[in-house]
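The values are calculated or read from the model by the stated rules, or taken from the named source; none is laboratory data. Source: prediction; values computed, not measured. We place every Cβ from the backbone using ideal geometry, glycine too, and count neighbours over all the protein chains shown. Each accessible area value is taken on the protein alone, full model and side chains, heavy atoms only, with ligands, DNA and RNA left out. Shrake-Rupley method; radii C 1.70, N 1.55, O 1.52, S 1.80 Å.
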Amino acid sequence: MNLFEGLKSDWIYINGFRRIIGAVGKFDPEADYTLADAVEDAIDGHRERTFISFEGKDTTYAEFEARANQFAHWGQSVGLKAGDTVALFMENRPDYIAFWAGMAKVAVRTALINYNLSGAGLAHCVKIVDCKAIVMNPELAPQFASARGQVETPLGAFVLGGPADGLVQIDGVVDRAAKTRLDRSGRAGVKGGDVALYIYTSGTTGLPKAAKISGVRARGLMRVFKDATQASQDERILQTLPLYHATGGMCGVGTALNAGACIVLQRKFSASQFWQEAIDSHATMLVYIGELGRYLMNQPQSALERSHKITKGFGNGLRADVWAEFVERTGIKRLVEFYGSTEGNVNFFNLDGKIGAVGRVPRLLRGRLPARILRFDVETEQPVRGPDGLCIEAEVDEIGEAVGPITKETRQRFDGYNDEKQSQKKILTDVFAKGDRWFRTGDLMKMDADQYIYFVDRVGDTFRWKGENVSTSEVEIAISSMPGVKHAIVYGVAVPGQDGRAGMAAITPKEGVDLAALYAHLTSNLPAYARPAFVRFQDEVETTGTLKYRKVDLVKEGFDPMNTSDPLFVADVANKSYSPITADVLRDVLSGKMRL
C-alpha cells in the first residue's frame, strides 16, 4: 500500500484497538464481579427494549431476565450448587441463552454441548466436566438415549419444551418459579477469573475438549464486537449460528446485550431463506462463519440479496473469493473478519475491510498486540529453533504457526481445558527467552509486507468442514471400532469450490469391508460433518521415522485415481454407501456437480 493508504489504515487500527482494549483490558479476573453481574448490569440499562426476536415473538430485556431468574430458582430447587456443572444440550431458542444466564446467577457452570452429538461423543462431553444434570429439548431425546447408558447425571436428566420418554419434563415447574432477581450472596466469593462456562473444541487430537471459559473471558467474547463494529442500540443482529459456538452464542449474543440491541435469533441457518428472513426481521447486522458466506453465494442470484437493511457484520473464516463476491452481490461492505479460538489468547481483527485478511498488526501496535508467527516445520509439526534453542519469527510472507504469550494480563490469559494434560499440549516454552510460555494456536498463518495477517491452514490432525472442527483421532476411533478394520488414517483434503477440507479415510482392512456397512456404521457413530466424504483402501500403513502415520503423502495424493492404484470411493448419500471414484465421478466432484 502507498503512504497515504498506510497512514489511513494505521489510524483505523489504532482507534479501533483503543476502543476494544479500552473496554476488555479493564476486566479484572481477581475482582468479585462475575459474568452474571455483567449480564444484570447490561439488562438494567435497557429493560424495556427488545433483546430477542424469535419466530414472531419479541422478548424484552426485563422478560429475558425474569426467565433467567426462573431457571436459577429451578436450579437451586433440584440441588445444583455453586461450582456444579450442568449440561445444556439444546437447539437454538431464547431459553438457551436464559438458561446459562440463570445458572451463572447461582454460580453453576453450564457446559454448552454440540446438539449434533450422540452416543459415545455425547457421553464423553457430559462426563469430562462431571455434569450433575442435563437439560435438553425433546427433539434431542433420542440422541441422549444413545448415550444414557454411558453417563451418570445424579441430579437428573430433564427435558424442556415438551415430554420425552424417560426424562423429567420441567416446563411447569420452571414457569411457576419466581421471576425475581436472586440475591447476589448466592455467588459470593466467585471471582471474575473463575470458570463460568465450558465450550467444547476439537483441538488437534482426541475427542472434544472442554475449554474453560472464565467470567472475564466470556465477558470479553461478548463485548469485543460491540466495540469492533461500533454497534448501536438500534441494531437488529441476525444470528443463525449454533448457540453452542462461541461466535454465535457468545460474540453474537453479547454484542446485542452490550449495545442494548436486538438479537434476531433463528432456529437454524437456511441458505434459501436467509435473505427473506433478513428482510422480514428488519435485520441491520449479521454474524457469520465462512461457510455461511459460501452457502449463500452458491444460491442463485436474487433481488432479495439487495432488498435487506443489513449494512455490516462480523465473523470468521470468510475466504477471499467468497468475500469479494459476497460484497459485490449483497452490498454489505462493512465486514469485520476476525481470528481467534474459543480458548486461546491470539486474536486478530480486520478493521479496514482488506479482503482475505484476518487482521493486521501495524508496527506501531506490535507492543500492544504481542501475537507472533513462528517459522514452522510441517514434517515435524514443530516450530523451527535456532542454535540457541529459541524459536525464530517467520519472515514476511513465510508460513508459520501463530502463537501468543501467556501472561497474567486479562487478554493474554490461557485458562486451558478441564484436562491438564491437554492444556499442557497447547503451551510452548523457551520461545523468545528461556522460561517464557506461549499459547500454540495450531494454525498456520503468514504476514505480508503491509502487516496484514492471512490464515493458511490448520496444523496436525484437526481440519474444518461444514463449519465444524473435525478431530481425525475421533473419526479414526469410530472407524477402527468397526469389525474388519485394521488401521484407519483420517485427514482433510481440499475440494475445489468448498470451504475447509473434506474428510478422507485411508483404511487398511483385516478382511473385506462392506461399503454399505461402513456407511451405516459411520452414520450411527459420527455427526454428519465428521463422516469421511472419501475412502481409500490400502494394504500397508506408511509411517515416519518416529512411527507417525505419513499423512503428508496421503493428503497430496487426495482422491484422484491418477495419483494412486489404491481403490478410492466417495460417499453416496442416495444409496447409503460409498461408490467407486471413476473419471466421471471425479469430474463431477471437481466441478461441483456432486455436492459433498
Select from region 244-268 the residues that are under 15 Å from the mean Cα position of the chain (by Cα) and not aliphatic (A, V, I, L, M) and list them in ascending order.
TYR244, HIS245, THR247, GLY248, GLY249, CYS251, GLY252
For the structure I just gave you, tell me whether ALA211 is open to solvent by less than 20 Å² (accessible area, probe 1.4 Å), within 16 Å of the chain's Cα centre (by Cα) and more than 23 Å from GLU305 (Cα to Cα).
yes
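Listed here are the residues, each with its yes/no results for (1) in contact with a strand residue (DSSP E or B) (Cβ under 7 Å, 6 or more places away or on another chain); (2) over 27 Å from GLY503 (Cβ atoms); (3) in a strand (DSSP E or B); (4) of a type outside the set (Asp, Glu).
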{"position": "LYS421", "(1), (2), (3), (4)": "no, no, no, yes"}
{"position": "ARG440", "(1), (2), (3), (4)": "yes, no, yes, yes"}
{"position": "LYS446", "(1), (2), (3), (4)": "yes, no, yes, yes"}
{"position": "VAL456", "(1), (2), (3), (4)": "yes, no, yes, yes"}
{"position": "GLY460", "(1), (2), (3), (4)": "yes, no, no, yes"}
{"position": "VAL475", "(1), (2), (3), (4)": "yes, no, no, yes"}
{"position": "ALA478", "(1), (2), (3), (4)": "no, no, no, yes"}
{"position": "MET482", "(1), (2), (3), (4)": "no, no, no, yes"}
First in region 407-423 and aromatic (Phe, Trp, Tyr), second anywhere and open to solvent by 40 Å² or more (accessible area, probe 1.4 Å), Cβ under 7 Å, 6 or more apart:
TYR417/LYS212
One residue is enough: does region 334-350 have a residue meeting the conditions of a type outside the set (Val, Ile, Thr), open to solvent by less than 50 Å² (accessible area, probe 1.4 Å), without any contact (Cβ under 8 Å) to a residue 60 or more places away in the chain and closer than 30 Å to CYS131 by Cα?
yes
Working only within region 494-519, note down all residues that are of a type in the set (Gly, Ala, Ser) and either open to solvent by less than 50 Å² (accessible area, probe 1.4 Å) or touching a His at 6+ places or on another chain (Cβ under 6 Å) (or both).
GLY497, GLY500, ALA502, GLY503, ALA505, ALA506, ALA516, ALA517
What's the total number of residues in region 19-57 that are in contact with a helix residue (DSSP H, G or I) (Cβ under 9 Å, 6 or more places away or on another chain) and in a helix (DSSP H, G or I)?
15
Yes or no: THR311 open to solvent by 50 Å² or more (accessible area, probe 1.4 Å) and either among the basic types (Lys, Arg) or without any contact (Cβ under 8 Å) to a residue 60 or more places away in the chain (or both)?
yes
From (1) assigned to a loop (DSSP other than H, G, I, E, B); (2) more than 23 Å from the chain's Cα centre (by Cα); (3) farther than 29 Å from ASP553 by Cα, pick out the condition that doesn't hold for THR380.
(3)
Looking at region 396-410, which of its residues are outside any loop (DSSP other than H, G, I, E, B) and farther than 11 Å from ALA371 by Cα?
GLY400, THR410
Could you grab me the full set of residues in region 37-77 that are farther than 22 Å from SER232 by Cα and touching a Gly at 6+ places or on another chain (Cβ under 9 Å)?
ARG67, ALA68, ASN69, GLN70, PHE71, ALA72, HIS73, TRP74, GLY75, GLN76
Given (1) open to solvent by 30 Å² or more (accessible area, probe 1.4 Å); (2) not in a loop (DSSP other than H, G, I, E, B), where does GLU540 come up short, assuming only one miss?
(2)
Residue hits (region 88-122; more than 18 Å from ILE213 (Cβ to Cβ), aliphatic (A, V, I, L, M) and open to solvent by less than 20 Å² (accessible area, probe 1.4 Å)) are LEU117, LEU122
Test: residue in region 63-76 that is aliphatic (A, V, I, L, M) and not in a helix (DSSP H, G or I):
no
